[in-house]
Amino acid sequence: MKTPNPVRPESLLVSWIGQTDLNAANGDPNAGIGPIAQAAAFKPFARLVLLSDYTPEKTQHYLDWLRQRTDAALDFRPCTLSSPMHFGEIYQAARQVLSELTADAAPALIIHLSPGTPAMAAVWILLTKTRFPAELIQSSAKYGVEIASVPFDIAAEFLPDLLRRADRRLSELSAGEPPTRAEFSEIIHRSAVVQRLLQRAAKVALRSVPVLIEGESGTGKELLARAIHAASPRREQPLIAVNCGAIPAELVESELFGHKKGAFTGAMQDRPGVFEAAHGGTLFLDEVGELPLMAQVKLLRVVQEQTVTRVGAAQAVTVNVRIIAATNRKLVTEIQAGRFREDLFYRLAVAVLKLPPLREREGDLSLLIEWLLAQVNREGEEDPGYQHKVISPGAINLMLAYHWPGNVRELLNTLRRAALWSEAMTITAEDLREALLLFPTREEDNLLDQPLTPGFNLADLLGKVTRHYLRRALVETQGNKTKAAELLGLSSYQTLNNWMEKYGVVERWHEGC
């Protein structure tokens, strides 16, 4: 048995009540005094916080027995579990208790792994490695009470989702939810928000109605558009993609609708536009919000009449095209500013799909890091002397705490830079820090310049700002909560913990990162 360190009077032992503990209270000689009583004799705890999903009668009998063997106060927390192996329910119960214990103070938490089921022990380890720093102990009749050393780091992005995934999958199957179509398999995800988006996209793919995809730069709007086309009845016909923002203003009409020979200087021959090229298939108009107003007028007519007239021509040509438009602008704001036609907006926005930014895709980031790093390694195979890279838990946690304003595109390029800067096989947190490009807040996020349009929600806006600065402070202090609290003007790191819990900011940092 290891010699215990001095413990402050406010030290708390947190544990599930296990079957061996109940057996000990019932006089079973094989149980000895049970793991909890054994731990209570190991250190002078101020309080024993005990979780139990046993019946009130069994639990009360045990508590009465335990009071005779310890001077510590007993804090009983009843929990209702459908099964002692249900990870999701165990996680919720354990997290709630730890949140309450650390809400107003910073006690010295010691968590007992031995009582209860293996699922309960696993959840304790996950929580202490990601959210609630605590000492872990274990006990046995042969070796007594020992400090439980867990010699690895965990980079956990969204543990509740991870633990509930199997249960959610069973619920989806029982509810008859359609599985994700194979055409959407390149959109890497496990978050519920993207899963719902892809289910809607799969439904709209079967129709020929116009689709408007909204999302910030780098969220994968073209990838989603290509998946919709691949899942549609037009899959055997062409998909033509055009970036409206990259076309010179004087050539927009020629690019979209084509031109006749001699229609303007440089028009040396007849040339079809992208509408004619996409006949029978899909036309993807990326950054449609960048189109000049005059081109918007003509685009509206094409959408309405399904005919195009080449520049310099008198005869219209019939086209059968499904339009998927995308924009990183807020078109409602653009309409109010007079930069986008309202009638065109309603023509294009028959089906609207909103791609969430990476910071709102809970559970996806760690999966994307793994998938994109594999892509970086494949790209590097042709470079002489390239070493396949792996990424350290500390570097992963740094990435999980960053807000990624450039979304998936920024994530990929950051991994490319980190692989380039890394001298060794492992990308460290320091390599990652050097690869990150920290940009100031975008103008569109200015609190004083948000349009008061339908859907505006002040509480959501304030929550977004709070989450941004909580994450930024953790990144800048490398996870040091005391320093992060000072940067934010908060009274203590415990106050910071309370804010993180309130606004759903998952802790990415722990010792050893």
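Readers should treat all values here as calculations from the given coordinates under stated rules, not as data from a laboratory. Here the structure is a predicted model, which is why all the values come from computation and not from measurement. Cβ sites come from the backbone with ideal geometry, for glycine too, and all protein chains shown count toward neighbours.
Structural remarks
- Sorted by Cβ neighbour density within 10 Å, fewest at the top, the residues TRP421, TRP16, TRP65, TRP124: TRP421, TRP65, TRP124, TRP16
- Couplings for the range 210-222, taken from phi via the Karplus curve 6.51 cos²θ - 1.76 cosθ + 1.60 with θ = phi - 60°, read x, 10, 10, 9, 9, x, 5, 4, x, 8, x, 5, 5 Hz in order; Gly and Pro are left as x.
- Electrostatic dipole magnitude of the chain [Cβ: Lys, Arg +1; Asp, Glu -1; Cα centre; debye, to 20]: 800 debye
- Taking label points 7 Å from Cα along the Cα-to-Cβ direction, ASN457 and GLN199 give a separation of 1.9 nm.
- Spin-label model, ARG339/LYS502: points 7 Å from Cα along the beta carbon direction are separated by 3.5 nm.
- In order through the range 328-338: 3J(HN,Hα) via Karplus (6.51 cos²θ - 1.76 cosθ + 1.60), integer Hz, x for Gly, Pro: 9, 8, 8, 5, 4, 5, 5, 5, 5, 7, x
- Applying 0.36 nm per residue to the separation of GLU146 and SER99 and subtracting their alpha-carbon distance, the gain on full extension is 14.4 nm.
- Tail fraction, Cα-Cα pairs, the range 181-358, threshold 24 Å, whole percent: 36 percent
- Cβ-based charge dipole, the range 12-150, positive-most Cα from HIS112, ASN26, VAL49: HIS112
- Computed [θ] at 222 nm, helices only, for the chain once each DSSP H run of length n ≥ 4 contributes -39500 (n - 2.57): -12500 deg cm²/dmol
- Annotation: the antiparallel percentage among DSSP beta bridges lying fully within the range 12-150 is about 20.
- Across every pair of non-identical alpha carbons in the chain, the mean reciprocal distance, once inverted, gives a Kirkwood radius of 27.0 Å.
- For ARG301 and LEU487, a Förster radius of 60 Å and the Cβ-Cβ distance give a FRET efficiency of 0.65, rounded to the nearest 0.05.
- Cβ-based charge dipole, the chain, positive-most Cα from ALA73, GLY406, LEU353: LEU353
- Debye-sum result for the range 364-435 in log10 I(q)/I(0), which assumes one identical scatterer on each alpha carbon, at q = 0.11, 0.17, 0.21, 0.29 Å⁻¹: -0.22, -0.54, -0.84, -1.60
- Cβ-Cβ FRET estimate between ALA424 and MET268, R0 fixed at 56 Å, reported to 0.05: 0.50
- Antiparallel DSSP beta bridges within the chain, percent to nearest 5: 20 percent
- Least to most buried among HIS229, HIS189 (fewest other Cβ within 10 Å first): HIS189, HIS229
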